[in-house]
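First the structure, in the form of structure tokens, and then the observations on it.
The values are calculated or read from the model by the stated rules, or taken from the named source; none is laboratory data. Quick caveat: nothing in here was measured; it's all calculated off a predicted structure. Counting neighbours? That spans all protein chains shown, and the Cβs are built from the backbone with ideal geometry, glycine included.
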Amino acid sequence: MLTAQRGSGNAGINIRLVAAASFRSTDQHPRLRMSDRQHFIVGISGATGVVYGVRLLQALRQAGIQTHLVVSRAGEMTRTAETSMKAKDLRALADHAYALADLAAPIASGSFRTLGMVVAPCSVRSLSEIATGVTSTLLTRAADVVLKERRRLVLLVRETPLHIGHLRSMVAATEMGAISAPPVPAFYSQPQTLEDMVDHTVGRVLDLFGIEHALVKRWGAPAPDSLSTITAEIGTCR
């Protein structure tokens, strides 16, 4: 379980590991069975906002969906800058985790069926590789596979301001079938904490895949009880 709170200095968000489920490494590629649980790929790249990837992994676990995680080198740097989590703590939130250079991983093949993939956050470099189809890591290869198999790919592009090259990359990725979904906060729900704002973004991403959750206070609807069952499980830190 994790708690998130505002930090000081450049830390921004301090994520503290309270407890985590056991992690079974897939580095040696044991044969993965296509069980009744659906498979979902989560990529974390080097833009600020690793908390989005963390919350997404938590929500998917709560929804009973099997997750496959890959983190870029810059994403690991961001994790150390923005959280107190160790690499093993982040991997423990996923059912399967892979090395960035592991192009023999199941998620590098279109024959491995998944619901799709979210890159949260998505750096401009990762966006650019995906938009051109020139992929150099497992993260961008997995995204390319999702696109070629006509599955859903959502990119939480985290950069501002944007120049024309960034915008063209977003257009190119969109034309190929990806969804560019910058993590822009919504204020109509009157968020009370930073966690509320993160949950809203993650919930809207889950909406794109038709995954049930209670993270979002929807327009015209009453707020979820105590924010959500996921928030209740994770615990909040004011």
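Being of a type in the set (Gly, Ala, Ser) and assigned to a helix (DSSP H, G or I), is that true of even one residue in segment 174-185? No, that holds for no residue. Looking only at residues in segment 133-161 that are of a type in the set (Val, Ile, Thr) and part of a strand (DSSP E or B), the one that is farthest from Ser111 (Cα to Cα) is Val157. Taken as a whole, the condition of being crowded, with 16+ Cβ neighbours inside 10 Å, modelled with pLDDT under 95, on the phi < 0 side of the Ramachandran plot and among the polar types (S, T, N, Q) applies to Ser189. Taking every residue in segment 52-68 that is within 13 Å of Asp95 (Cβ to Cβ) and pairing it with any residue that is part of a loop (DSSP other than H, G, I, E, B) and basic (Lys, Arg), at least 6 positions away or on another chain, the pairs with Cβ-Cβ distances below 7 Å are Gly64/Arg37; Ile65/Arg37; Gln66/Arg37. Restricting the first member to segment 204-217 and to residues that are of a type in the set (Phe, Trp, Tyr), and the second to residues that are part of a loop (DSSP other than H, G, I, E, B), the beta-carbon pairs closer than 7 Å and six or more apart or on different chains are Phe209/Leu115. Of the residues Ala120, Ala97, the single one that is in contact (Cβ under 8 Å) with a residue 40 or more places away in the chain, touching a Lys or Arg at 6+ places or on another chain (Cβ under 6 Å) and in a strand (DSSP E or B) is Ala97. When Asp102 is tested against (1) within 16 Å of the chain's Cα centre (by Cα); (2) part of a loop (DSSP other than H, G, I, E, B), just one condition goes unmet, and that condition is (1).
Return yes when Gln38 is of a type outside the set (Gly, Ala, Ser), more than 20 Å from Thr201 (Cα to Cα) and touching an Asp or Glu at 6+ places or on another chain (Cβ under 7 Å) and no when it is not. Show your work before the answer.
Numbers: of a type outside the set (Gly, Ala, Ser): yes; more than 20 Å from Thr201 (Cα to Cα): yes; touching an Asp or Glu at 6+ places or on another chain (Cβ under 7 Å): no.
In short, no.
Among the residues making up segment 33-92, those that are at pLDDT 95 or above, more than 20 Å from Ile130 (Cα to Cα) and among the acidic types (Asp, Glu) are Glu82, Asp89. Of all residues in segment 89-103, count the ones that are out of contact with any helix residue (DSSP H, G or I) (no Cβ under 9 Å at 6 or more places or on another chain) and within 20 Å of Thr137 (Cα to Cα). Total satisfying the criteria: 1.
Considering only segment 152-176, state which residues are of a type in the set (Asp, Glu) and in contact with a helix residue (DSSP H, G or I) (Cβ under 7 Å, 6 or more places away or on another chain). Reasoning before the result, please.
Start the filter on segment 152-176 by keeping residues that are of a type in the set (Asp, Glu), which leaves 159, 175.
Residue satisfying the conditions is Glu159 alone.
Taken together, Ala178, Ala108, Ala94 contain a single residue that is over 15 Å from His39 (Cα atoms) and out of contact with any Pro (no Cβ under 8 Å at 6 or more places or on another chain), which is Ala178.
Of Glu149, Glu159, Glu76, Glu82, which residue is surrounded by fewer than 22 Cβ atoms within 10 Å (Cβ to Cβ), touching a residue at least 60 places away in the same chain (Cβ under 8 Å) and under 28 Å from Gln62 (Cβ atoms)? It would help to see each step written out before you state the result.
Values: Glu149 fails: touching a residue at least 60 places away in the same chain (Cβ under 8 Å); Glu159 fails: under 28 Å from Gln62 (Cβ atoms); Glu76 fails: touching a residue at least 60 places away in the same chain (Cβ under 8 Å).
It is Glu82.
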